[in-house]
Amino acid sequence: MKKVSLIVPCYNEERNLDALYAKLRPLLDNSLDSRKYEWEVIMIDDGSRDSTLSLMESLRQKDERINVLSLSRNFGKECAMLAGFDYASGDCAVILDADLQDPVEVVPELLKKWEEGYKDVYGNRMARGNEPWIRKQFTLVYYRILSGVSSGEVLRNVGDFRLLDRCCIDEIRALRETQRYTKGLYSWIGFSKAEVCYDRSDRNAGKSSFSYRRLVNLAIEGITSHTTSPLRFASVMGIAVALASLAFLIYVLVKTLFYGDPVAGYPTLICVILFLGGIQLLSLGIIGEYIGRIFLETKGRPPYIVASINGCRHHERPCKDG
């Protein structure tokens, strides 16, 4: 019997866990699909500040198919998903959000595509639920920018809700960079892909931890982790400004020699200085983003630290490979 791992990263999800388990129970009991699978659920507590961890442990007492992985602090969803990949033992893994925005009822459709031979089956969001209009527009603009500057394929309206075959899981586990953009890694590793369209639901309870500031940081993370095009943009902009400055210099010289007009005065000089200064600061900022990532990667720190597994402190039991 094939084994399926469900990876559920959680951060302050105490109001959603009981409802999530109620939705998962028919799936785990093989009531939603004629095919029979062995199931395991890996819930990752990403340094929650509420009672998320204790509720996870209570669910494990009810159902031993649930495994609880507690990180020592909040490392972010990207690293929490990597922890899930590291400890998943299934033939495939499905990534789910704990807030029930990813419908559990769609998982059998993902499994059907997997049984057909696809290695990466992703959910394509046809509707995004009760999401603010500004946030939707920001997301669309971000994907347009990322698609424009990226050399590889960028899937729009696709989140982390997907099924990955064991071969995909093993390859993602091998990529240990700390500045992670997992959506880009899904595309980078390749393998045969298929989509399953679905309507994303509204959040069951609570408030999303992704503020606009964190979304902007995630967007910068995605662009700088997935492509070096911003560096090329800085170089092209520098060449363009240099050529424009040279053309303007020739124009001023010719005009002065033939027509005797005085050189442009203070306002023009200030505008040129401010424009060139802005371009220089922008270029330095782009270069600084990449240098900062080099600095963080050279430290060689692990992407996450495990505090406990199923209630046992991590140092009290052997770790799995990876």
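The values are calculated or read from the model by the stated rules, or taken from the named source; none is laboratory data. Computed from a predicted structure; not experimentally measured. Cβ atoms come from the backbone with ideal geometry, glycine included; neighbour counts cover every protein chain shown.
Structural remarks
- Condition check for L32 on (1) at pLDDT 85 or above; (2) surrounded by fewer than 24 Cβ atoms within 10 Å (Cβ to Cβ); (3) farther than 18 Å from A307 by Cβ: one failure, at (1).
- Residue check for A93: crowded, with 21+ Cβ neighbours inside 10 Å, touching a helix residue (DSSP H, G or I) at 6+ places or on another chain (Cβ under 6 Å) and on the phi < 0 side of the Ramachandran plot: yes
- Number of residues in the stretch 54-78 that are touching a Leu at 6+ places or on another chain (Cβ under 8 Å) and closer than 30 Å to K183 by Cα: the value is 7.
For (1) modelled with pLDDT under 75; (2) touching a Phe, Trp or Tyr at 6+ places or on another chain (Cβ under 6 Å); (3) of a type outside the set (V, I, T), each residue gets a yes or a no:
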residue	(1), (2), (3)
V241	yes, no, no
L246	yes, no, yes
V252	yes, no, no
F258	yes, no, yes
P267	yes, no, yes
I287	no, no, no
P303	no, no, yes
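- Filter pass, A98 being out of contact with any helix residue (DSSP H, G or I) (no Cβ under 9 Å at 6 or more places or on another chain) and either crowded, with 20+ Cβ neighbours inside 10 Å or charged (D, E, K, R) (or both): no
- Among the criteria (1) in contact with an Asp or Glu (Cβ under 8 Å, 6 or more places away or on another chain); (2) at pLDDT below 70; (3) of a type outside the set (G, A, S), the one L215 does not fulfil is (1).
- Residue within the stretch 117-127 that is among the acidic types (D, E), touching a residue at least 60 places away in the same chain (Cβ under 8 Å) and in a helix (DSSP H, G or I) present: no
- The residue of the stretch 50-74 that is surrounded by the fewest Cβ atoms within 10 Å (Cβ to Cβ), among those that are under 16 Å from N12 (Cα atoms) and touching a residue at least 60 places away in the same chain (Cβ under 8 Å), is R73.
- Candidates in the stretch 35-49 are the residues that are part of a loop (DSSP other than H, G, I, E, B), of a type in the set (D, E, K, R) and more than 23 Å from the chain's Cα centre (by Cα); of these, the one that is surrounded by the most Cβ atoms within 10 Å (Cβ to Cβ) is R35.
Table: residues versus (1) closer than 26 Å to M126 by Cα; (2) assigned to a strand (DSSP E or B); (3) of a type in the set (S, T, N, Q).
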| residue | (1), (2), (3) |
| --- | --- |
| D18 | no, no, no |
| F75 | no, no, no |
| A93 | yes, yes, no |
| A98 | yes, no, no |
